[in-house]
Structure formats: C-alpha cells, structure tokens
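Beneath this line is the structure, given in structure tokens, with notes to follow.
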Amino acid sequence: MLRRGECGEVLKVFLVSRNEGKIREFRELGVRECVDVVPVSVDKVEIQSDDLTQIALYSAAQASLHLRNELFFVEDAGLYIKPLKGFPGPFSSYVYRTIGVSGVLKLLSGFSERSAYFESVIVLHQPTQGFRVFRGFVTGTISLEARGSGGFGFDPIFIPEGHEKTFAEMDLETKNSLSHRGKAFRAMVDWLRTAYKSRAREI
Ligand code: ITT
C-alpha cells in the first residue's frame, strides 16, 4: 500500500482493533502520514470504567501479552453529550449496540441544547519502553435527525463545530482532518517521528 519512493522510510505500527470503521480511518490517516497501520485482532476483555484512559491502558496491557516485541496501539473512543451529563461517554460502544442512534435521538427529544464532543484515547506500546498516551477531541452538536451513510457508530448524528454536515455526510478524508481520532493519531505520529529521529542520531 505504501511505497518507499513516495514516503522515504515507512513506519509500520500494528493497530489492535476489531472495529472496521475505526480500522478504515486509521489506515487512511496512516497513508497520509507515511505510516503503515496494520490491523491485528487479539483476544481481550474491555473493562467497564468511567475513564477512557483506564479502558485503553487495560486493553493495551492485555494486547502486550501477545505482542510483547511489537510497536502497536489501541484506541478507545466515546461520545459525550452535554445535556445528558456526558452520557454515553465510555459506554458508547454498549449504547450504540443497544439503543443505537435512534435511542440517543429519543433521549434528546425536546432538548434545544445539544452540544457534544468525541474523545479519542490512543495508547501506544513500544517494546522495552512501555506505554504512552495520546488524546484528541472534536466538539460539535447532535443533529435533530440521522443524516448520511458514511463513517460508523454515531457519525450520522454528530455535526462538528463550524460545519453543517454530519460526519456521516463527509468523506473519509474530511472526517479524518477534523476528528478526535485524526488529532490523536497525528499527535502519536509526531511523537514517534521525533523519538525515532533522536534514536537514529544516537546510533
Ligand atoms: P475496538 O475493537 O477498537 O475496541 P470498539 O467498537 O469497542 O472497537 P470503542 O470502544 O473505542 O471501540 O468505541 C466506542 C463506540 O463509540 C463505537 O462503537 C462507536 O459507536 C462510538 N464511536 C467512537 N468513535 C466514533 C466515531 O469516530 N464516529 C462515530 N462513533 C464513534
């Protein structure tokens, strides 16, 4: 997928996830940043906690039992809706599977204040150096009805600030340029580039 001629040195990093939407987005983000994001599925239990960082750190620790010598990352993300006091937040995956987009819209019926944000927490594992956390946020509002067929999860009801379309009405590149996930990923890549450059200087 990534050719050396276009990118110079391509960094390869494994992504531990089973979420196809998330994998698609990270792969595209990787192509832009000259990082080959290789999805891998590992048996792990997702703990319940009201803290995304704790969930992601626990997932990364479990994955490291299988991928001890690999550069890999996991991501945990959630949608926080202000008038619902942050719900579903860290429970987004469960809420999406149970009441779904239409259930969330029902909970919000009658609310004129509909502000919300997405948060992404990435935990990077570096062999011999342990874990490092990167975060990204995007603020916006919850639409009055579901719109669009792109993306995944709550994308049809999330309108990022300064835009009129929902994430599900945008193409993958546009969503990635604005999203919580894109911001966390670019922070990780910036850090990796600096870390690898200084290591190369030491050698
Ligand atoms: P993993 O295998 O990577 O853990 P997952 O689906 O369990 O996949 P998360 O716990 O991080 O992933 O996701 C929580 C849920 O939040 C996800 O299932 C979506 O419903 C929602 N979500 C997260 N990021 C989203 C995004 O960019 N757009 C829409 N919904 C999102």
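In straight-distance terms, cross-link reach from Lys175 covers every one of the lysines whose alpha-carbon lies under 26 Å from its own, apart from those fewer than eight places away in the same chain; here that gives Lys12, Lys22, Lys82, Lys85, Lys106, Lys165, Lys183.
Per-residue packing, averaged as other Cβ atoms within 10 Å, sorts the ranges 11-20, 143-152 into the order 11-20, 143-152, beginning with the highest. A crude spin-label estimate for the pair Lys197 and Phe111, with each label 7 Å from Cα along the Cβ direction, gives 4.3 nm.
When region 1-111 is described by a simple charge dipole with +1 on each Lys and Arg Cβ and -1 on each Asp and Glu Cβ, the residue from Tyr94, Leu71, Pro83 located farthest towards its positive end is Pro83.
Per residue, the convex hull around the alpha carbon atoms of the chain comes to 121 Å³. Cross-link partners for Lys197 among the aspartates and glutamates, with Cα-Cα distance under 17 Å and sequence neighbours closer than 8 places in the same chain left out: Glu9, Glu33.
Using θ = phi - 60° in the Karplus curve 6.51 cos²θ - 1.76 cosθ + 1.60, the 3J(HN,Hα) couplings for region 70-86 round to 10, 7, 8, 9, 10, 9, 10, 9, x, 9, 10, 9, 4, x, 9, 6, x Hz; x is entered for Gly and Pro. The Cα atoms of region 97-147 define a convex hull whose projected area, averaged across directions, is 5.3 nm².
For the set Lys22, Lys197, the ranking by accessible area, highest first and with no ligand, DNA or RNA atoms included, is Lys197, Lys22 under a 1.4 Å probe. One compactness figure for region 1-99 is 1.24, namely its Cα radius of gyration divided by 2.2 N^0.38 Å.
Projecting label points 7 angstrom from Cα along Cα→Cβ for Arg135 and Ser41 puts them 3.2 nm apart. In the complete set of protein chains, residue-level accessible area for Tyr80 is approximately 30 Å², probe 1.4 angstrom.
Accessible surface ranking for Thr194, Thr174, 1.4 angstrom probe, highest first: Thr194, Thr174. Of Ile159, Leu172, Phe134, whose Cα points farthest to the positive end of the dipole of region 69-203 (charges on the beta-carbon: +1 Lys, Arg; -1 Asp, Glu; origin at the Cα centre)? Highest projection toward the positive end goes to Phe134. Net length available on complete extension from Asp190 to Asn19 is 59.1 nm, with 0.36 nm assigned per residue and the Cα-Cα distance removed.
The gain in end-to-end length when the Arg32 to Leu71 segment is fully stretched comes to 12.1 nm, 0.36 nm per residue minus the alpha carbon separation. Multiplying the residue separation of Asp50 and Thr128 by 0.36 nm and removing their Cα-Cα distance gives an extension gain of 25.2 nm. Just so you know, the averaged projected area of the alpha carbon convex hull for region 49-140 sits at 6.4 nm².
Per-residue ellipticity at 222 nm, computed for the chain from helices alone with -39500 (n - 2.57) per DSSP H run of at least four residues, works out to -11500 deg cm²/dmol. Each Cα pair under 8 Å and six or more residues apart adds its separation to the average, and for region 1-139 the resulting relative contact order is 22 percent.
The values are calculated or read from the model by the stated rules, or taken from the named source; none is laboratory data. Just so it is clear, the model here is predicted, and its values are computed rather than measured. Quick reminder, even Gly has a Cβ in these numbers, built from the backbone with ideal geometry, and neighbours come from all protein chains shown. These area figures cover heavy atoms from the full protein model, side chains too; ligands, DNA and RNA do not enter into them. Shrake-Rupley method; radii C 1.70, N 1.55, O 1.52, S 1.80 Å.
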